[in-house]
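What follows is calculated from the coordinates using simple rules that are stated; it is not laboratory data. This structure is a prediction, so every number in the text was calculated from the model and none was measured. Backbone-built Cβ (ideal geometry, glycine too); neighbour counts: all protein chains shown.
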Amino acid sequence: MFWIPRRPWYKHCTPVVDPKLPNMKKQLLLALSSLVLVDAFGQNDTVAVNTDSSYKVSEVSTQQGFATQPGAATTKVYKLKPVVDVPLTAAGFGWSLYAFTKIYSKDRSSVETIQSLNKNDIAGINRFSVDLYSPKALDVSNGFFYASMPFPIVLMLDKHIRHDAGKVTVLWAESMAVTGLLYTGSVYFHDKFRPYAYNPDVPMDRRTRGGAKNSFFAGHVALVGTSTFFTAKVFADYHPDSKIKWVFYSLAGIATATTGYLRVRAGEHFLTDVMLGTAVGTLSGILVPQFHKVKNVDSRLGVTPFFGGKEKGVLLTYKL
């Protein structure tokens with residue numbers, strides 16, 4: 001059971017970086033400064049815990065002072081490759097921090113350019129977004145964004161995951177770096193007007209701002225998806241037989257979908273921008289841990305060779 005404060009936690013926080021920096025850049029900079037790579041790579045291989053009472057171990061593991069309780073079995077789950085993970089994470093964060101200074105300082109559009117925008121030039125699936133504009137929805141979407149960034153901290157409530165906090169932190173940072181790289185790259189190299197730029201009810205000063213050309217694709221949605229689905233994936237990898245792992249996946253889906261809805265309602269993104277952001281965030285949060293997963297860990301697909309008289313072959317089994 002978790003205690004939820006009446007006032008959002010981020011209201012109590014005091015920024016420790018330049019307040020002039022864009023909000024998303026602040027989050028990435030804080031995340032980058034929190035990495036402790038020495039601690040991460042100094043740990044032993046990540047383990048998952050099988051609490052099946054039918055399996056017993058004859059001796060207790062005391063690696064790094066962590067005692068495995070009788071009746072629990074340990075299996076390697078993740079393996080990091082510093083020569084790949086460190087450069088990839090550093091490059092992703094480095095490019096993202098640089099790109100944020102550019103994409104939020106694009107040249108303003110002329111009034112003539114904005115007035116020439118035609119709603120009928122927009123694909124039918126996205127056309128409805130032009131009529132939506134809600135500063136309140138924008139504020140709430142930012143709340144979801146800020147709340148989801150530290151969401152993986154809940155994993156530290158589990159002693160087995162907390163045992164490998166450094167490695168989990170590196171995997172989270174790499175997931176966020178991949179998403180940041182894809183998002184900032186798309187916005188940096190491609191200008192696409194946000195829905196509110198087409199809306200005559202929105203003040204012209206806002207419609208002409210440089211940031212109004214950053215619609216493709218939905219960065220808030222992508223980063224929320226990455227952080228929340230990463231949390232669900234890691235918990236499921238440590239506890240593959242847990243009955244509550246679907247709670248984490250459900251929360252991730254709800255948070256990502258709600259953020260997407262709010263961004264469309266706010267006039268910040270078109271539906272297709274949100275759909276792409278959801279796909280990028282979800283895949284990054286799930287696939288980065290998956291690519292680091294040790295083979296044959298909680299494998300649902302089994303491959304067993306058999307030899308029976310004249311018959312020889314391979315038996316494939318899949319555990320539901």
Which numbered condition Gly267 fails, given (1) within 17 Å of Ser129 (Cβ to Cβ); (2) in contact (Cβ under 8 Å) with a residue 24 or more places away in the chain; (3) assigned to a helix (DSSP H, G or I): (3)
May I ask you to verify whether Ala236 is assigned to a helix (DSSP H, G or I), among the small types (Gly, Ala, Ser) and within 23 Å of Thr272 (Cβ to Cβ)? no
Which residues, counting only those in the range 164-177, are within 19 Å of Ser284 (Cβ to Cβ) and surrounded by fewer than 22 Cβ atoms within 10 Å (Cβ to Cβ)? Thr169
If Ile254 passes every condition in (1) part of a helix (DSSP H, G or I); (2) buried (at least 24 other Cβ atoms within 10 Å of the Cβ) but one, which one does it miss? (2)
Output the residues belonging to the range 90-138 that are out of contact with any helix residue (DSSP H, G or I) (no Cβ under 9 Å at 6 or more places or on another chain) and crowded, with 18+ Cβ neighbours inside 10 Å. none
Out of all the residues in the range 183-221, which are part of a helix (DSSP H, G or I), among the hydrophobic types (A, V, I, L, M, F, W, C) and farther than 16 Å from Arg127 by Cα? Val187, Phe189, Met204, Ala212, Val221
So which of Asp201, Asp205 is charged (D, E, K, R), out of contact with any helix residue (DSSP H, G or I) (no Cβ under 8 Å at 6 or more places or on another chain) and either without any contact (Cβ under 8 Å) to a residue 60 or more places away in the chain or under 17 Å from Ala252 (Cα atoms) (or both)? Asp205
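Conditions (1) part of a helix (DSSP H, G or I); (2) closer than 30 Å to Tyr238 by Cβ, marked per residue:
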| position | (1), (2) |
| --- | --- |
| Ala123 | no, no |
| Val130 | yes, no |
| Tyr133 | no, no |
| Ala137 | yes, no |
| Val140 | yes, no |
| Phe145 | yes, yes |
| Pro152 | yes, yes |
| Met156 | yes, yes |
| His160 | yes, yes |
